[in-house]
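Below is one structure, written out as structure tokens; comments come after it.
The values are calculated or read from the model by the stated rules, or taken from the named source; none is laboratory data. Everything numeric here is computed off the predicted structure, so don't read it as measured data. Here the Cβ positions follow ideal geometry from the backbone for every residue, glycine too, while neighbour counts run over all protein chains shown. Note: accessible area is taken over every heavy atom of the protein model, side chains too, but ligands, DNA and RNA are not part of it. Shrake-Rupley method; radii C 1.70, N 1.55, O 1.52, S 1.80 Å.
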Amino acid sequence: MTFSHKIGLYDVQGPIPVVKNAFIPPDIEEDGLPVALEDAMPLLAFLAPVDTCKDRITAALETLRPTSSWERGAASGQEEDTVLLGGQEEDTVLLGGRGFGTAMSALIDYLSSEYGSTFALARVFAFLSGAPDYGAGLLDTRRFGEQYASKGVDADLALLPEQIPFYRDLAAVAVQAGVCIDIFAVTDEYTDLASLKFLSIESGGSLFLYANTDDSTLPQDIYRLLSRPYAFGCVLRLRTSSDFEPGNSYGHFFPDPQYENVQHIICCDSFATYAYDFDFVHNDGFSRHTDPAVIQIAFQYSVIEPVEETSGNESQLSASYKFCLKRRLRLRTLQYRPARNISEIYDSVDPEVVLHILVHKVILESLDKGVREGRQQVHAWLALLAARYNEALSSDARAPPSSIDVDFSQCPQLQMLPQLVFALLRSPLLRLHEEGVHPDYRIYLQCLFSALEPSSLAKAIYPVLISYSSPDKQAFPRHTLSRAALIMSESPIFLLDAFTNLIVYYSPTADPSIAFPPPRDCEYIILHFVMHVLSIEALVLVYFNLFSVHIPCRSVENND
């Protein structure tokens, strides 16, 4: 399905691909299309199996071309160089050609037509080359070029909120229809992802941003999304014992409008991560009789599984597969012993999980009060942590008198936090607009970081630097991110894992006989990649263990 000033539906089931068009009204206030997509082409005639129609789908893609300005002007009955914007005539302005809002609204209605629940899951990949600039859902990109500093306005605070509620409202419709939407924005122009993001993240999809197609990972990302097993039609609920209760929840889901602590997830795979805060019910915290504290997670979801069938007579049996829809309920009950004192809490800290929660909080703070306020919140949080830690340390006999420990030297679990906070403050997520951070890129990072599990998020913010004495032998598993680490180390090869990028660096003193770039079959790259993937899978199982039904070593009863 294509969109511009019109919607094109491609019929690829016949011998020759045929396109049927439905024109999009230019009026942003007009609701819907003059002709419903179901009337232009029945839904079951539009959808085609890839295995039998692959060649014709490819032939249809080859016919795509940019829409000319003459076609856009003719579609609205206007001259090429004169159009109406906001009811006023302006010269030398071409009518926009991306009727994305109307197209997506029509498509969601199309997929939830009179057939009822036609599909177990409808998943849409939407490709954008710029901001929607035609019809309903039109976005004004001129706000990016405004001089906010001269007006005394914080640019980050002005550009991060959504411009119009159209796409948030459309996301709610998509959730009700069971439609998951992934957005792929391939553009170096301002696209206002702050408004568009709700369509993807609230429907359980992902948001991707690429500056161009030449060196992007777009094909790999599409393959990864399609090849992973996933669950759909999910409902997630969290319950606790009486002394505490769920507070804020974080992740790409849609909160239930009626019930508390219930989230709807249209589509998710085993990498999806959701985080929660907890609040005490009483000011006294846990009562003396609370041991253990209990958390129960209920996760209801659907999967499609193959069912083997045999056909033929006894002498010639052939196996064939059909697919059936299964609805499952996964219950996970966790028990925790409340800490007896603050030292137990400090000793049990996982710095990657703390960073994970902190990033979620600072994203919400930035969207509400701006990036500057988000930076201040991170500073204040670390200062408060250091103050409370030293207050607890002063009552400990191990601490020297009248000393202030700003390095958390008495608590190894906290020592990594200042480095992670510094890296967070230097990341594009919290750098200011005047430092050259594009608002669309910041929104992309917000969507990416809010979906990662703690280990991957820590790599994305504070990359891991590993050294190797040879392509097949590791020298040191983790260096500090400093110039001194490169100079002082005698290792010739370094690997920087920044989650979205893997960088291999050869020092100037490296032996010239070592192949550069490293060969594809060199052991250390393959091993690092495999361990990187395995660590992600293991952490997902530890945090929720929702998808362990396919892993024999994990069972519903074994919750240890």
Next item on the list: Identify, by number, the condition in (1) under 23 Å from residue 225 (Cβ atoms); (2) among the aliphatic types (A, V, I, L, M); (3) open to solvent by less than 10 Å² (accessible area, probe 1.4 Å); (4) modelled with pLDDT under 90 that residue 120 doesn't meet.
Entry: (3)
Next item on the list: Scan the range 477-498 for residues that are acidic (Asp, Glu) and under 18 Å from residue 458 (Cβ atoms) and jot them down.
Entry: 497
Check: Can you tell which of 414, 420 is under 22 Å from residue 372 (Cβ atoms) and open to solvent by less than 20 Å² (accessible area, probe 1.4 Å)?
Finding: 420
Note to self: When you scan the range 385-401, do you find a residue that is in a helix (DSSP H, G or I), closer than 23 Å to residue 481 by Cβ and not polar (S, T, N, Q), even just one?
What the structure shows: yes
Next item on the list: Could you please tell me which pairs satisfy a Cβ distance under 8 Å, a separation of 6+ or placement on different chains, a first residue in the range 406-424 that is acidic (Asp, Glu), and a second residue that is assigned to a loop (DSSP other than H, G, I, E, B) and open to solvent by 10 Å² or more (accessible area, probe 1.4 Å)?
Entry: 407/415
Next item on the list: Would you be able to say whether some residue in the range 228-236 is in contact with a strand residue (DSSP E or B) (Cβ under 9 Å, 6 or more places away or on another chain) and either outside any strand (DSSP E or B) or among the charged types (D, E, K, R) (or both)?
Entry: yes
Next item on the list: Go through (1) in a loop (DSSP other than H, G, I, E, B); (2) crowded, with 17+ Cβ neighbours inside 10 Å; (3) at pLDDT below 90 and name the single condition residue 161 misses.
Entry: (2)
Checklist line | Selection from the range 239-268 of residues that are farther than 21 Å from residue 352 by Cα and touching a residue at least 60 places away in the same chain (Cβ under 8 Å) | finding: 254, 264, 265, 266, 267, 268
Margin query: Tell me yes or no: at least one residue of the range 181-193 is over 21 Å from residue 448 (Cβ atoms), in a loop (DSSP other than H, G, I, E, B) and open to solvent by 40 Å² or more (accessible area, probe 1.4 Å).
Written below: no
Check: Can residue 156 be described as among the acidic types (Asp, Glu) and out of contact with any helix residue (DSSP H, G or I) (no Cβ under 6 Å at 6 or more places or on another chain)?
Finding: no
Check: Name the residues in the range 337-353 that are open to solvent by 40 Å² or more (accessible area, probe 1.4 Å) and either at pLDDT 90 or above or within 20 Å of residue 411 (Cα to Cα) (or both), would you?
Finding: 339, 340, 341, 342, 343, 344, 345, 347, 348, 350, 352, 353
Next item on the list: Could you tell me which residue of the range 282-309 is surrounded by the fewest Cβ atoms within 10 Å (Cβ to Cβ), considering only residues that are over 21 Å from residue 341 (Cβ atoms) and of a type in the set (A, V, I, L, M)?
Entry: 307
Notebook entry, point to check: Of the conditions (1) closer than 30 Å to residue 301 by Cα; (2) at pLDDT below 90, residue 398 fails just one. Which one is it?
Noted result: (1)
Note to self: If I filter the range 127-144 for residues that are crowded, with 20+ Cβ neighbours inside 10 Å, at pLDDT 85 or above and among the β-branched types (Val, Ile, Thr), do I get at least one hit?
What the structure shows: no
Next item on the list: Could you grab me the full set of residues in the range 465-488 that are under 29 Å from residue 444 (Cα atoms), crowded, with 18+ Cβ neighbours inside 10 Å and without any contact (Cβ under 8 Å) to a residue 40 or more places away in the chain?
Entry: 465, 479
Next item on the list: Go through the range 441-463 and give me each residue that's open to solvent by less than 20 Å² (accessible area, probe 1.4 Å), assigned to a helix (DSSP H, G or I) and either of a type outside the set (Gly, Ala, Ser) or without any contact (Cβ under 8 Å) to a residue 60 or more places away in the chain (or both).
Entry: 442, 443, 445, 446, 447, 449, 454, 457, 461
Next item on the list: Would you check if residue 276 is surrounded by fewer than 13 Cβ atoms within 10 Å (Cβ to Cβ), under 21 Å from the mean Cα position of the chain (by Cα), at pLDDT 90 or above and outside any loop (DSSP other than H, G, I, E, B)?
Entry: no
